[in-house]
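The values are calculated or read from the model by the stated rules, or taken from the named source; none is laboratory data. Computed from a predicted model, the values in this text were never measured in an experiment. Cβ placement follows ideal geometry from the backbone for every residue including glycine, while neighbour counts extend to all protein chains displayed. For the accessible areas, the whole protein counts, side chains as well, though only heavy atoms, and no ligand, DNA or RNA atoms are used. Shrake-Rupley method; radii C 1.70, N 1.55, O 1.52, S 1.80 Å.
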Amino acid sequence: MKAMVLNGSGARLEPSEREVPVALPGEILVRVRACGVCRTDLHIVDGELPPVELPIVPGHEIVGVVDVVGDGVTHLKVGDRVGIPWLGYSCGACAFCRAGRENLCVSARFTGYHNDGGYAEFAVVDAGYAFKIPDGYSDVDAAPLLCAGLIGYRAYRMAGEGTRLGLYGFGAAAHLIAQVAAHDEREVFAFTKPGDDSGQSFARSLGCAWAGASNEAPPEPLDAAIIFAPVGPLVTEALSRVAPGGVVVCAGIHMSDIPSFPYRLLWEERVVRSVANLTRQDARDFLALAPKIPIKTRVQRYDLADANAALGDLRDGRLQGAAVLVP
Ligand SMILES: [Zn+2]
Ligand SMILES: [Zn+2]
């Protein structure tokens, strides 16, 4: 099979020919039809996240069709269309798993980081971590739901019930979560890089009440803000824009350093928190919700062989919505 492989952090992905992986008991082999490109992939490729397995096939927004079912798998059959997200395994036994917080499992394994992911023609996954994709989404359109959507939605729930929501960084995750927030009758304020007029009009076209530069003040104080851009100074920027009791949620896995800041920005019960990974319940909840709203994804498709170009476009902020690779 064809695969795009990372052999060392900071390197380009290498096109490679590999053996099709074998589904062991409890696993499924999936023929990949589409795989989204997530900013986490970029952090892995660029070495901002230290590699745990090399060589590795990145990609954790996989949509495909079950090709082989391993022994003992009864809830999926050959031909089922499934999605494979970032969480590829959790132990079920540690204190976090037992408390329903498998996203923090001490033995978690992540797709495209510990296990080979979806920048390939086939991928193998533990069948307990694959999810049926709602009908009505094409393979390519469904791919961004699997991380931008799932982890974005986890961040959205962590932002609380306030009605005025700021989104810092209007990329793959924000363009989905803005639609959830609009559906919940919240006012969304979209913050982009200064000068990103097309990003701001994209945000307005999705129902955002206001869009402006990340260093601008929104017309009203925010109840909560979610930071999707990997830019530490946005934490203090967002803190300065939330009302007393407001929450700032950092949704990414990596961010540049957060500058020191005066305590008065945090005072009055403001909260800064991060969101890590996802639980399978997050996946079930979001994949049930997406077609009801319905959330529409904006995708830019690339051939699998052009994975480096897709990562480059994401790195340089040239994407509107989400990049998706098609083998
Ligand atoms: Zn665990
Ligand atoms: Zn991701």
Notebook entry, point to check: Between a first residue in region 98-111 that is under 13 Å from GLY88 (Cα atoms) and a second residue that is part of a strand (DSSP E or B), which pairs have beta carbons less than 6 Å apart while being 6 or more apart in sequence or on different chains?
Noted result: ARG109/GLY88; ARG109/TYR89; ARG109/ASN115; PHE110/GLY88; THR111/ILE84; THR111/GLY88
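Take region 1-28 and flag every residue that is of a type in the set (A, V, I, L, M, F, W, C) and under 20 Å from LEU325 (Cα atoms).
Correct list: MET1, ALA3, MET4, VAL5, LEU6, ALA11, LEU13, VAL20.
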Check: Would a scan of region 9-31 turn up a residue that is within 16 Å of ligand 2 (Cβ to nearest atom), buried (at least 22 other Cβ atoms within 10 Å of the Cβ) and within 25 Å of ILE151 (Cβ to Cβ)?
Finding: no
Check: Quick one: what pairs do we get from region 143-156, first residue within 9 Å of ligand 2 (Cβ to nearest atom), second assigned to a loop (DSSP other than H, G, I, E, B) and among the acidic types (Asp, Glu), C-beta under 7 Å, 6+ apart or different chains?
Finding: LEU146/GLU61; CYS147/GLU61
Margin query: On the basis of being under 24 Å from ARG154 (Cβ atoms), hydrophobic (A, V, I, L, M, F, W, C) and open to solvent by 60 Å² or more (accessible area, probe 1.4 Å), does ILE226 make the cut?
Written below: no
Next item on the list: Mind checking which strands (runs of 3 or more DSSP E) fall wholly inside region 10-84 and carry at least 2 residues that are charged (D, E, K, R)?
Entry: 14-17, 27-37
Next item on the list: Go through (1) in contact (Cβ under 8 Å) with a residue 60 or more places away in the chain; (2) within 16 Å of ligand 1 (Cβ to nearest atom) one by one and return the number of the condition ASP46 breaks.
Entry: (2)
Next item on the list: Run PRO218 past the list (1) out of contact with any Ser or Thr (no Cβ under 8 Å at 6 or more places or on another chain); (2) within 28 Å of VAL272 (Cα to Cα); (3) buried (at least 24 other Cβ atoms within 10 Å of the Cβ) and report the number of the one that doesn't hold.
Entry: (3)
Next item on the list: State which residue is farthest from ligand 2 (Cβ to nearest atom) when the search covers only region 126-142 and only residues that are in contact with a Ser or Thr (Cβ under 8 Å, 6 or more places away or on another chain) and under 22 Å from LEU42 (Cβ atoms).
Entry: ASP141
Next item on the list: For region 184-213, enumerate the residues that are open to solvent by 20 Å² or more (accessible area, probe 1.4 Å) and in contact (Cβ under 8 Å) with a residue 40 or more places away in the chain.
Entry: LYS193, ASP196, SER198
Item checked: Wholly within region 89-183, helices (runs of 4 or more DSSP H) carrying at least 1 residues that are open to solvent by 50 Å² or more (accessible area, probe 1.4 Å) and within 30 Å of ALA309 (Cβ to Cβ) -> 139-142
